[in-house]
Each structure stands twice: as structure tokens, then as C-alpha cells.
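Read through the structure below, which is laid out as C-alpha cells, and then see the notes.
Read-outs throughout are calculated quantities, based only on the coordinates presented, and are distinct from any laboratory measurement. The structure presented is a predicted model; accordingly, all values stated were derived computationally and were not measured. Quick reminder, even Gly has a Cβ in these numbers, built from the backbone with ideal geometry, and neighbours come from all protein chains shown.
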Amino acid sequence: MQRSDFLKLSSLGFLGLYSCGITQSVGKEKRLGVQLYTVRGAISKNIETALEKIAALGFKDLEIYSYNGTFFGKNKNEFLTILKNTGLQVVSSHHRTGMTDKEAGTLLKNWENTLDDLNYLGAKYAVCSYLPEAERSLENYRKLPEVLENAATISKKAEVQLAYHNHDFEFLKMDDQKNFYDFILEAPHRIWLKWNWICTGLQKLDSIL
């Protein structure tokens, strides 16, 4: 590894990727993407500098987070300019339901405007990324299928695919018959699964297969 590459990787926390050989695929036909939440420390210090370093490593695609009407404090035109200058493309964006969060950018608040901004950047996916502890109640889980389905309907019209990023807590048993993830499956739209969290959260994988 060249010293310059080491410094770039370490500054963004990507040394683990190098050791796994992942960065060796840069420059080949396949596009390499990164979830920006992974490097949120660098992003919070200076978004432009962080994205320049990410692009210099060979990454092309981004999954962003924290949209609240702006992209990391930048309006859509400013952020798109940064993307064009670095040669990066937003593919996906993380969002919360809005059942307890009251700011913009959630599934329940100004979702149409959020999708308009994502379309402006060329993003193809919007991901319900996380349920804070305040939302992990039986009452809120009963609301979740409708929240997801309504958001999915609006997303489909905007030609953006809605997805759900599960963790381990969705697989905690409510009783002998049901876990919280069963409520999510009641929403009749396509759902992505995170296998590492499934293995962590499930005692028996065949309970959802």
C-alpha cells in the first residue's frame, strides 16, 4: 500500500476495507459505493473535503443520510454541484418514519418534497433506516404497515423504490406467535433484509421464510 493511500483510507476509516481486499476492485467495471453514515465523523467536519477523499479512493456511488430539507446543510443545487465536482452519484438515501421525529425528510412529513429532491439528485432508492427506541412500542408497530404502504405508494409514483433497513430489534418476540417484524411484513411492498442483523436477531431463521 502506498503511503498516500494509507493516509486517505485511515482518514475515512476504510483500512478495514483494504485489509479485506474490497478496495482492489476500484477501477474495474463494477462501481464501488459507500454508505456515508459509516464516515459520519468526517462528513460532519467538512462535507466537501470528505467527498473529495471518498472520490479519490475510487468510490462512485453514495448512500446518504440526515436529509431534513437540505443535504448536510446544502440545498439541492449546492449539493448537486459538489457531487458533479467529485464525480459521485447518490443512489440511495436514509430516512425515518416521522412517528416521533418531527423534522422534515421523514416518511410522514413532506415526503413528496423529499422525493422531488432525491429525484433531482438522481437517487433511485429511499430507505426507512431506523426506528428510534421511542417508536418501538406495540402501538407504533401496529401503525407501521400503513405508514410504510402510504410512503411506498407515493414513492412508486415518483419512481423511487422504498426499502426498509432492518436491525436486530425487529426480531424480538412479542409473544410465542409473533415478533415485531411480522407487522412490517403486513405492508404489501418489496422489503430488503439485512442478513447480518437477521442472524443476530433471529433464533430461528425459518420463522420468516
What's the magnitude of the charge dipole for region 33-207 around its Cα centre, counting Lys and Arg as +1 and Asp and Glu as -1 at the beta-carbon? Answer in Debye, nearest 20.
420 debye
Calculate, axis by axis, the spread of Cα positions in region 89-163 along the three principal axes, and write the results as whole Å, longest axis first.
36, 19, 18
Cross-link table K109/K156; K30/K157; K124/K156; K109/K143, entries beyond 19 Å C-alpha to C-alpha:
K30/K157
For region 128-174, state the semi-axes of the equivalent ellipsoid (square roots of 5 times the eigenvalues of the alpha-carbon gyration tensor), sorted largest first and rounded to whole angstrom.
22, 12, 8
Taking amide H atoms as placed 1.01 Å from N in the peptide plane, list the residues 5 or more away in sequence, or in a different chain, whose amide H sits under 5 Å from that of V127.
S93, H94, H95, A163
If you take every residue apart from D101 with its C-beta less than 12 Å away from the C-beta of D101, what net charge results, scoring Lys and Arg +1 and Asp and Glu -1?
+1
Excluding I43 itself, what net charge comes from residues whose Cβ is under 14 Å from its Cβ, given Lys and Arg +1 and Asp and Glu -1?
+1
When averaged across all projection directions, what area in nm² does the alpha-carbon convex hull of region 33-207 cover?
10.4 nm²
Region 36-78: percent of C-alpha pairs farther apart than 16 Å?
34 percent
